[in-house]
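The values are calculated or read from the model by the stated rules, or taken from the named source; none is laboratory data. Please read all numbers here as calculations on a predicted model, not as lab measurements. No Cβ is skipped: glycine too gets one built from the backbone with ideal geometry, and neighbour counts run over all protein chains shown. What goes into the accessible areas is simple: the full protein's heavy atoms, side chains included, and nothing from ligands, DNA or RNA. Shrake-Rupley method; radii C 1.70, N 1.55, O 1.52, S 1.80 Å.
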Amino acid sequence: MAKIFCVANQKGGVGKTTTTVNLAAGLAKVGQRVLMVDLDPQGNATMGSGVDKRQLELTIYDVLLEAASVAEARVKSDRLIEAGCGYDILGANRELTGAEVEMVAMERRERRLKEALAEVEKDYDFILIDCPPSLSMLTLNGLCCAHGVIVPMQCEYFALEGLTDLVNTIKQVHANLNKDLAIIGLLRVMFDPRITLQQQVSEQLKAHFADKVFNTVIPRNVRLAEAPSYGVPGVVFDPLAKGAQAYVAFAQEMVARIETL
């Protein structure tokens, strides 16, 4: 059965979407079957995977409202398949904003994604969910179906404060809605070893969270930042860039870590 992971952080601009699409591409590159679920109404992970969100006939919105199944709504990107990093995409667009309001009055509102993904779990090794930067009904759906949370974070002071909030949220969901939920690991992103503060925060993270901190560190990298404007993950856009190679290494570390869980 697939291992389902949310990429989540309540702080915005920490590289959640960049991590989701590049980890998906990295896992596909090392031979894993991957589904990437875009749970953010901005649809950045959809666009960054080579799919035009404006052209989608069915999206995660239809799946959550039970108007379509995951099998009907998922799509592929030819550009990623050509690059040897093909993964399935359950896309999102602005429609998803409406799901927040519509789901409030519905039954099983926080378990709808879990039930939908249960039908396709056997098709994949990994299902990665890109969560919006807030604790919304959408994020809650992601957390309720996940086996674990991957937390991308910058090594800065405010990031540590945000992490405390996220840990508390995960504890609440674990206690009330999903007994399987745990933090799989913290991923240090946009890391610049020349900045003393970043090194200090990195050491604090390792001291406090120990083996929950991934060994792989994603460096600050211009090529990763350029990739979305070309509609592909950095791993596909420039495979030789330091950032792309770091994400492939991270994918390999994820596969190894899953085997030890």
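Here are the numbers:
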| read-out | value |
| --- | --- |
| Within-13-Å neighbourhood charge of Asn44 [Cβ basis; K, R +1; D, E -1] | -1 |
| Proximal lysines relative to Lys29, as straight alpha-carbon distance under 21 Å, when same-chain residues fewer than 8 apart are discounted | Lys3, Lys16, Lys76, Lys122, Lys242 |
| Fraction of beta bridges assigned by DSSP in the chain that are antiparallel (%, nearest 5) | 5 |
| Accessible-area composition of the chain, carbon plus sulfur, in percent [1.4 Å probe] | 51 |
| Student exercise, the chain dipole from Lys, Arg, Asp, Glu Cβ charges, in Debye to nearest 20 | 620 |
| Cα centroid separation, region 51-75 to region 1-25 (Å) | 19 |
| Amide H within-cut-off set for Ile183, under 5 Å, with H built and near neighbours excluded | Val149 |
| Contour minus Cα-Cα distance for Leu65 and Asp125 (0.36 nm per residue) | 19.1 nm |
| Most to least accessible of Thr260, Thr139 (protein chains only, probe 1.4 Å) | Thr260, Thr139 |
| Heavy atoms of Tyr157: accessible area, 1.4 Å probe, square angstrom to 10 | 130 |
| 10 Å Cβ shell holding at most 14 others, DSSP loop, trypsin sites (Lys or Arg not before Pro): longest site-free stretch of the chain | 1-75 |
| Within the chain, longest stretch free of exposed GluC sites (Glu not before Pro) [DSSP loop, at most 13 other beta carbons within 10 Å] | 120-261 |
| Whole-number accessible area per residue in Å² for the chain, which is evaluated in the context of all protein chains at 1.4 Å | 44 |
